[in-house]
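The values are calculated or read from the model by the stated rules, or taken from the named source; none is laboratory data. The structure displayed is predicted, hence computed values, not measured ones. Cβ atoms come from the backbone with ideal geometry, glycine included; neighbour counts cover every protein chain shown.
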Amino acid sequence: MKCNICEFRCDIQESGCGICGMYENKNGQIVERFKNAYLFINPISIETQPMLHFFPNHKFLQLGSIGCNFKCEGCVSNVFVKHAEVFKNALKILSAEEIIQKALRENSKGIVFGINEPTMQYFSLLDLAKKAKESKLLFGISTNLYYTKGALEELMKYLDFVNVGLKGYTQTTYKKFCKALDSKPVFRNIVYLFKNNVYFEVSIPHVKGNEIELINVAKFLSKLSHHIPMQVMRFVPFDNASAELEPSISESEELVEKLKRYLDYVYLFNSPGTKYLNTTLDEFSIKRYFYGPMGAHIASATGKPTHIVGNICKKNFEEDGFFGGYRLTRAIEMVVGILNALGVKDKKTITFVIGTILRDRDFLAFFHETQDGENTNLENYFDVVNLLAKISNTDSSKLVNFYSEVLEDVKQKRKNVDKKLKSYYVMGTPIFALNTHRFENKLASFVGLETIKLTKEGKPGVNITHEELIAYNPDIVFISGFISCKEEDFYAYCQTHNININAIKTKKVFRLPFGWDFGTVEWIFGLMFIANAAYPDIYSFDIENKYYLFKNKSYTNTNKSFYANIV
Ligand code: SF4
């Protein structure tokens with residue numbers, strides 16, 4: 001029996017599954033294995049979908065589940081996609097009516113499906129989209145658009161907007177990057193959406209070396225319309241992708257400039273501090289800033305909107321804690337990382353823990369509070385570890401004792417700090433300051449550094465002006481290990497913009513190794529790293545030596561994911 005939902009067109013035997021693992025042949029019918037089953041349902045600002053020119057700033061209810069028909073290396077959602085069999089027990093069954101009632105109750109403008117591939121929930125979403133339309137709610141998806149023409153034709157009747165997640169331009173790239181058969185069906189479907197007046201924006205990763213693919217996509221789109229927004233996702237290599245594939249923010253910015261020769265609206269994501277999230281026309285402007293992986297938030301909007309669908313909501317919607325977009329995938333990875341450090345790698349226990357914490361949002365709220373809360377400190381991380389140990393029935397004492405010993409050591413030594421140096425913790429570029437109460441700043445403060453006091457906060461920080469940075473004049477700078485930048489890029493930016501702060505004069509700019517600061521089990525190494533860099537006369541931690549206490553890094557990955565394994 002053929003499955004005609006996507007272009008793999010799997011031939012599925014009775015009681016068998018297609019290659020995505022999400023559809024089966026039951027009595028001669030193709031059915032979803034997990035109908036109306038979702039992993040999470042949270043309100044988001046539409047920019048988190050991400051959509052930038054469609055009802056900007058409005059609140060939408062976002063749904064996500066498990067599975068994908070593509071197998072992309074370095075996918076930000078791989079923890080849910082590759083381990084679908086682990087997460088299936090954490091799924092919640094919600095009827096279309098229940099979802100619609102929730103969206104209406106919460107005053108959402110509409111419903112969106114993202115994080116994993118909506119092709120995997122085709123029949124559930126078709127029903128939901130139809131009913132959303134009847135209830136006057138907008139409905140949209142983020143998809144790789146590998147649908148068959150027939151499947152898209154049916155769904156399209158109820159779609160108000162689409163974020164088309166491209167992987168490249170050519171068949172070779174699609175085959176290599178995501179194991180799809182060809183890129184042609186996707187571009188055929190783009191034309192089909194365009195001809196049928198379905199609003200869409202296009203997102204595409206910038207992987208080092210694939211620039212020509214993006215230029216060809218921009219040329220292709222420009223033949224349809226110069227106004228189609230193109231979102232360039234600077235590639236951050238999650239999962240098993242090579243770190244060599246990550247372009248620097250300045251390299252991605254150069255590419256955006258080239259793409260703007262073909263399209264009027266090209267935006268750059270995963271690049272805190274970049275100006276290429278802004279829409280700037282003579283008569284109209286929207287200023288945006290980084291708001292987590294693949295997210296953006298509006299800082300201001302002025303003038304009469306051009307090429308924007310719908311009105312711009314005046315009030316930002318602030319997403320809750322780890323919820324909204326890809327933050328949850330990072331949080332789940334961190335939880336799995338902690339479990340790995342506690343010696344838990346088996347599917348059964350991990351499934352049980354994930355199911356438990358997704359059902360009871362208190363744990364994730366508390367975990368987020370330890371990472372970005374005003375009233376928490378480093379010791380609260382022990383509570384997170386202890387709670388996970390309790391749920392997984394493991395012993396946390398070895399890990400917690402190790403943390404405690406290092407913290408006690410730092411407490412004793414920091415008594416020798418006479419005059420506190422002023423520190424500044426950034427992500428991506430020199431003007432993206434991490435929140436005052438973020439975990440990274442807690443690390444800096446713990447070793448005896450002064451930290452910046454921001455008047456506003458974001459996720460995970462906010463843009464500050466050059467003048468504000470110059471006025472603060474930090475003595476030492478730390479660059480986050482996650483969504484990072486090289487020290488030389490930091491120096492170059494400051495030189496270009498005449499930012500002559502103390503840290504530049506004394507060459508005290510330090511980049512944290514990945515995973516050594518925010519949230520993961522290895523933060524204790526970040527603490528030691530910061531201590532050594534800030535006050536070398538006081539601290540001299542032998543980090544490598546301590547490092548091997550944890551069985552040769554078997555608890556986190558070597559690239560940009562926060563966990564090591566589920567077996
Ligand atoms: S959705 Fe695609 S990959 Fe999944 S069973 Fe159907 S044709 Fe195969």
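So here's what we get for this one:
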{"quantity": "Meets criteria (near the ligand (Cβ under 10 Å from one of its atoms) and out of contact with any His (no Cβ under 9 Å at 6 or more places or on another chain)) for G18", "calculated": "yes"}
{"quantity": "Condition met for L328 (in contact with a Lys or Arg (Cβ under 9 Å, 6 or more places away or on another chain), among the aliphatic types (A, V, I, L, M) and surrounded by 20 or more Cβ atoms within 10 Å (Cβ to Cβ))", "calculated": "no"}
{"quantity": "Candidate set from region 103-122 (those that are buried (at least 16 other Cβ atoms within 10 Å of the Cβ) and more than 16 Å from the ligand (Cβ to nearest atom)); member that is modelled with the lowest pLDDT", "calculated": "I115"}
{"quantity": "Whichever residue in region 392-420 is hydrophobic (A, V, I, L, M, F, W, C) and surrounded by fewer than 20 Cβ atoms within 10 Å (Cβ to Cβ) and, among such residues, is modelled with the lowest pLDDT", "calculated": "F402"}
{"quantity": "Strands (runs of 3 or more DSSP E) wholly inside region 1-72 that include at least 1 residues being within 30 Å of I298 (Cα to Cα) and within 20 Å of the chain's Cα centre (by Cα)", "calculated": "40-45, 59-64"}
{"quantity": "Lone qualifier among T429, T376 - being in a loop (DSSP other than H, G, I, E, B), out of contact with any Cys (no Cβ under 7 Å at 6 or more places or on another chain) and surrounded by 17 or more Cβ atoms within 10 Å (Cβ to Cβ)", "calculated": "T376"}
{"quantity": "Cβ pairs under 7 Å, 6+ apart, first in region 2-19 and closer than 15 Å to Y147 by Cβ and polar (S, T, N, Q), second more than 7 Å from the ligand (Cβ to nearest atom) and assigned to a loop (DSSP other than H, G, I, E, B)", "calculated": "N4/T148"}
{"quantity": "Test for I44: is it surrounded by 18 or more Cβ atoms within 10 Å (Cβ to Cβ), within 9 Å of the ligand (Cβ to nearest atom) and in the same structural domain as Y174 (by TED's automatic domain parsing)", "calculated": "no"}
{"quantity": "Residues within region 383-402 that are in a loop (DSSP other than H, G, I, E, B), of a type outside the set (S, T, N, Q) and under 15 Å from I354 (Cα atoms), tallied", "calculated": "0"}
{"quantity": "Test: residue in region 370-388 that is within 25 Å of A37 (Cβ to Cβ) and aromatic (F, W, Y)", "calculated": "no"}
{"quantity": "Top-ranked residue of region 21-41 - restricted to ones that are within 16 Å of the ligand (Cβ to nearest atom) and β-branched (V, I, T), ranked as nearest to Y289 (Cα to Cα)", "calculated": "V31"}
{"quantity": "Selected residue [assigned to a loop (DSSP other than H, G, I, E, B), over 19 Å from F446 (Cβ atoms) and touching a residue at least 40 places away in the same chain (Cβ under 8 Å)] from I538, I483", "calculated": "I483"}
